[in-house]
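What follows is a set of notes on a single structure, which appears directly below.
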Amino acid sequence: MIPTLATKRNEHNNRAAYLPFGAKRDGPLRHQHILSVKQFTPRDLDAVIAVADEMRIIVERIGAFDLLHGKVLAVLFYEPSTRTSASFIAAMQRLGGGFIPINEVRYSSVAKGESLPDTIRTLEGYADVIALRHPETGAAALAAQYARKPIINAGDGIGEHPTQALLDLFTLIKERGALDGATVTMLGDLKYGRTVHSLARALALYNVKLNYVSPDILRMPRELVAELNARGIQQTETSALQDVLGATDVLYVTRVQKERFANLEEYEAVKDAYVITPETLTHAKADMALMHPLPRVGEISPAVDCDPRAAYFRQVEYGMYVRMALLAMVLGKA
Ligand code: NCD
């Protein structure tokens, strides 16, 4: 039996762990920490996508409005970032709010050895919401244990990147019109790539088929494959893109995460395992969407950028609308 949307998209994990101290759940993502895709219900995803599309229209028509006037976002980044930090800041500015950027932790008290809980308890004295990127898996969940204000996980080591998954879903829907029935192929570093960990979990709420293409040492974590298997998701693994490319509706390419390798020789051996070129795309569907969370470092040739299937710079822009929606929702204004 082909599962219907209603049977497939099961509500799950509505847990108090995602609510800051004293907060009440009274609407999709309202006053919640955003820690993992595991916490999202189908209703949450629908709400983010709908609000993000409203944000897109508002930005196109008037550029900015004062929905979050008087609110402040702290952007606490212990790892490099261009898109995630800039889009959070732009999102807050377009909603009339302020921001505190701490992305040079070298110049903050973190460099003096301050603990994450102390830094969080300090920033929440100034800010209404904190976006946190950290090299350790579980850092956002740890921060949330100490926070009275919502924590948004902007990437925790090799763990998750839930806001990227939301913008990836938004992009998928914008590019394809719908998600149900799609075959999504994830390619590259599926072991260390947090974006694919979050995206696979998010897609598991829809009726999709997942292909994983990676070198043997960079396969999708076994626990994640088992988790999705238990939820009835069809998953196929291979190291050869040509096995699955022709049937792919969305090709999601990722960077080999050099900074996560203990052994640089291992990285060198796999870093150029896949390169998408115009020739690769001659074997792909005419309406396939080619996505990448960026930064790319060689896995998609720039010669592909002018192909209408190359969606990655549209994906970047959608990230701002999705983060506008998230901030508005988490702060109870959407
Ligand atoms: C990703 C990340 O930080 O996980 N970048 C992003 O947020 N768009 C992907 C990566 O660094 O490869």
Can you pull out the residues in segment 273-296 that are surrounded by 11 or more Cβ atoms within 10 Å (Cβ to Cβ) and within 16 Å of the ligand (Cβ to nearest atom)? ALA273, TYR274, VAL275, ILE276, LEU290, MET291, HIS292, PRO293, LEU294, ARG296
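Might you let me know whether segment 168-188 holds any residue that is within 11 Å of the ligand (Cβ to nearest atom), in contact (Cβ under 8 Å) with a residue 60 or more places away in the chain and either closer than 25 Å to GLY319 by Cβ or surrounded by fewer than 21 Cβ atoms within 10 Å (Cβ to Cβ) (or both)?
yes
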Filtering segment 136-177 down to residues that are aromatic (Phe, Trp, Tyr) and farther than 24 Å from ASP189 by Cα yields TYR146
Looking only at segment 305-319, which residues are surrounded by 19 or more Cβ atoms within 10 Å (Cβ to Cβ) and under 24 Å from LYS271 (Cα atoms)? ALA310, ALA311, TYR312, GLN315
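Any idea which of GLY332, GLY319 is in contact (Cβ under 8 Å) with a residue 12 or more places away in the chain and not in a loop (DSSP other than H, G, I, E, B)? Write out each step before concluding.
Values: GLY332 fails: not in a loop (DSSP other than H, G, I, E, B).
Only one candidate passes the filter, namely GLY319.
Every residue, every condition in (1) among the acidic types (Asp, Glu); (2) under 16 Å from the mean Cα position of the chain (by Cα); (3) closer than 21 Å to LEU167 by Cβ, yes or no:
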| site | (1), (2), (3) |
| --- | --- |
| GLU79 | yes, yes, yes |
| ILE102 | no, no, no |
| SER109 | no, no, no |
| ASP128 | yes, no, no |
| HIS134 | no, yes, yes |
| LEU142 | no, no, no |
| TYR146 | no, no, no |
| LYS149 | no, no, no |
| ASN153 | no, yes, yes |
Starting from residues that are surrounded by fewer than 20 Cβ atoms within 10 Å (Cβ to Cβ) and not in a helix (DSSP H, G or I), keep the ones in segment 129-148 and report whichever is nearest to the ligand (Cβ to nearest atom). PRO135
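Considering ILE152, ILE158, which residue is surrounded by fewer than 21 Cβ atoms within 10 Å (Cβ to Cβ) and within 16 Å of the ligand (Cβ to nearest atom)?
Values: ILE152 fails: surrounded by fewer than 21 Cβ atoms within 10 Å (Cβ to Cβ).
So the residue among ILE152, ILE158 that is surrounded by fewer than 21 Cβ atoms within 10 Å (Cβ to Cβ) and within 16 Å of the ligand (Cβ to nearest atom) is ILE158.
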Test result for VAL48, at pLDDT below 95 and among the hydrophobic types (A, V, I, L, M, F, W, C): no
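Where residues in segment 40-49 are assigned to a helix (DSSP H, G or I) and in contact (Cβ under 8 Å) with a residue 40 or more places away in the chain, which of them is nearest to the ligand (Cβ to nearest atom)?
Residues of segment 40-49 assigned to a helix (DSSP H, G or I): 42-49.
Checking which are in contact (Cβ under 8 Å) with a residue 40 or more places away in the chain leaves us with 42, 45, 47-49.
Details: PRO42: 24, LEU45: 19, ALA47: 22, VAL48: 17, ILE49: 19 Å.
Within segment 40-49, the match that is nearest to the ligand (Cβ to nearest atom) is VAL48.
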VAL322 vs. criteria under 25 Å from TYR192 (Cβ atoms), hydrophobic (A, V, I, L, M, F, W, C) and buried (at least 17 other Cβ atoms within 10 Å of the Cβ): yes
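Which residues, counting only those in segment 58-104, are of a type in the set (A, V, I, L, M, F, W, C), away from the ligand (no atom under 16 Å from the Cβ) and in contact (Cβ under 8 Å) with a residue 40 or more places away in the chain?
Residues of segment 58-104 that are of a type in the set (A, V, I, L, M, F, W, C), as a first pass: 58-59, 62, 64-65, 67-68, 72-77, 86, 88-92, 95, 99-100, 102.
Restricting the remaining residues to those that are away from the ligand (no atom under 16 Å from the Cβ) gives 58-59, 62, 64-65, 67-68, 72-74, 92, 95, 99-100, 102.
Selection gives VAL59, LEU67, LEU68, VAL72, LEU73, ALA74, MET92, LEU95.
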(1) among the β-branched types (Val, Ile, Thr); (2) part of a strand (DSSP E or B); (3) under 28 Å from LYS333 (Cα atoms): which one isn't true of THR185, the others all being true? (3)
Only unsatisfied item for GLN164, checking (1) touching a strand residue (DSSP E or B) at 6+ places or on another chain (Cβ under 8 Å); (2) part of a loop (DSSP other than H, G, I, E, B), is (2)
Go through the residues of segment 214-225 one by one and say whether even a single one is touching a Ser or Thr at 6+ places or on another chain (Cβ under 8 Å) and within 28 Å of ASP53 (Cα to Cα). no
Can you say whether GLU124 is modelled with pLDDT under 95 and either surrounded by 13 or more Cβ atoms within 10 Å (Cβ to Cβ) or out of contact with any Leu (no Cβ under 9 Å at 6 or more places or on another chain) (or both), as far as the supplied structure shows? no
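The values are calculated or read from the model by the stated rules, or taken from the named source; none is laboratory data. Just so we're clear, the structure is a prediction, and the values are computed from it rather than from any experiment. In this analysis, Cβ positions are derived from the backbone assuming ideal geometry, glycine residues included, and neighbour counts consider all displayed protein chains.
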